[in-house]
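Quick notes on the structure that follows.
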Amino acid sequence: MEIIIQPTPESATDIAARIIARLLREKPDAVLGLATGSTPLLLYKKLIAMNLDWSRVTTFNLDEYIGLPREHPQSYHSFMWENLFQHVNLTKENIHIPDGNANDIPRFCSEYEAQIKAAGGIDLQVLGIGTDGHIGFNEPTSSLASRTRIKTLTRQTCKDNARFFGSEEAVPKHVITMGIGTIMEARQNLLLAFGTNKAQAVAEAVEGPITSINPASILQMHPVVKVCLDDPAANDLQRADYYRWVYANKPAWQTL
Ligand code: GLP
């Protein structure tokens with residue numbers, strides 16, 4: 001894991017945007033895994049401003065609420081169109097977001113997995129992290145080998161996301177999410193986290209034991225993970241000085 005600690009979300013996001021921009025320039029038909037939530041908003045703004053060519057890029061989103069109409073302002077479909085897709089030259093057919101209104105959800109989930117495989121697998125997966133350590137919507141105790149499937153949100157996640165829905169009761173309790181096994185098959189994972197409310201989950205994920213209680217901790221087993229943090233999100237890391245030192249001494253030739 002490469003832990004990149006920056007003073008602000010702005011500077012941490014700059015680094016994440018450069019990593020994605022380089023991938024799209026090197027591999028114009030890259031397959032990107034995308035995330036929602038407040039964390040990647042700035043990343044999408046920066047990517048839009050970079051005027052990259054997305055015409056051959058394929059995207060797969062991590063998750064979606066079940067039963068929320070696609071047009072609902074808080075659906076992840078709406079989120080992605082509003083904050084990224086409508087602003088770049090992606091080909092509509094190359095965009096994939098779980099369908100929370102599919103008639104047969106288990107079947108949809110296995111087809112989603114098949115589509116990822118058929119696209120050649122995900123080159124880079126963008127991740128946020130929940131205050132409980134979830135990635136995608138893989139809540140604590142999710143199988144570390146799980147595939148795309150239905151999950152029930154924790155009360156904590158419903159509380160965390162109530163700010164988008166006006167009340168906790170309005171947050172859908174069920175979701176479709178890529179599994180942890182699915183995320184682990186991405187060639188590269190790029191996790192962003194900002195703010196003190198993420199500090200504990202980040203410290204457990206990076207320095208704690210690998211455990212389904214903190215699903216993000218499985219990333220310790222992934223060969224290529226970059227974690228972009230602002231100072232507050234890095235607050236509980238025991239080895240923050242070491243990570244800063246490693247990054248400050250990163251040789252120019254080391255691109256991965
Ligand atoms: C959401 C999403 C996750 C996201 C996380 C953190 O509910 N399903 O993909 O990483 O929770 O959200 P935020 O970035 O708003 O803190």
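The values are calculated or read from the model by the stated rules, or taken from the named source; none is laboratory data. It should be emphasised that the depicted structure is a prediction, and the values quoted were computed from it without experimental measurement. All Cβ positions, glycine included, derive from the backbone under ideal geometry; neighbour counts span all protein chains shown. Protein only, heavy atoms only, side chains kept; ligands, DNA and RNA dropped before computing areas. Shrake-Rupley method; radii C 1.70, N 1.55, O 1.52, S 1.80 Å.
Could you state the orientation-averaged shadow area of the convex hull built on the Cα atoms of the chain, in nm² to one decimal?
Across all orientations, the chain yields a mean hull projection of 12.6 nm².
Could you look at the chain and say what percent of its accessible area is carbon and sulfur, using a 1.4 Å probe and all protein chains?
With neighbouring chains kept in place, the figure for the chain is 52 percent.
Provide the per residue accessible area, probe 1.4 Å, for the stretch 99-162, rounded to a whole number of square angstrom.
Here the per-residue accessible area is 42 Å².
Not counting ligands, DNA or RNA, and with a 1.4 Å probe, what is K27's accessible surface area in Å² rounded to the nearest 10?
The accessible area of K27 comes to roughly 70 Å².
Based on Cβ point charges of +1 for Lys and Arg and -1 for Asp and Glu, what charge dipole magnitude is obtained for the stretch 6-98 about its Cα centre, in debye rounded to the nearest 20?
So the magnitude is around 260 debye.
I'd like the FRET efficiency for S11 and E207, computed as 1/(1 + (r/R0)^6) with the beta carbon distance as r and R0 of 22 Å, rounded to 0.05.
With a Förster radius of 22 Å, E is 0.45.
Just to be sure I understand: with springs between alpha-carbon atoms less than 10 Å apart, which residue in F164, F79, F194 has the highest mean-square fluctuation in the Gaussian network model of the chain?
F164
Say the dipole of the stretch 1-127 comes from +1 at the beta carbon of Lys and Arg and -1 at that of Asp and Glu; which of A49, C109, L90 then lies farthest toward its positive end?
Farthest towards the positive end: A49.
Could you give the length gained on full extension between Q86 and A49, defined as 0.36 nm per residue of separation minus the Cα-Cα distance, in nm?
12.0 nm is the gain from fully extending Q86 to A49.
Would you kindly state how much longer the chain becomes between K159 and R22 on full extension, computed as 0.36 nm times their sequence separation minus their alpha carbon distance, in nm to one decimal?
45.7 nm
Compute a Gaussian network model of the chain, connecting alpha carbons closer than 10 Å, and tell me which residue from W54, W81, W245 fluctuates the most.
W245
Relative to the compact-globule scaling 2.2 N^0.38 Å, provide the ratio for the alpha-carbon radius of gyration of the stretch 111-238.
1.04
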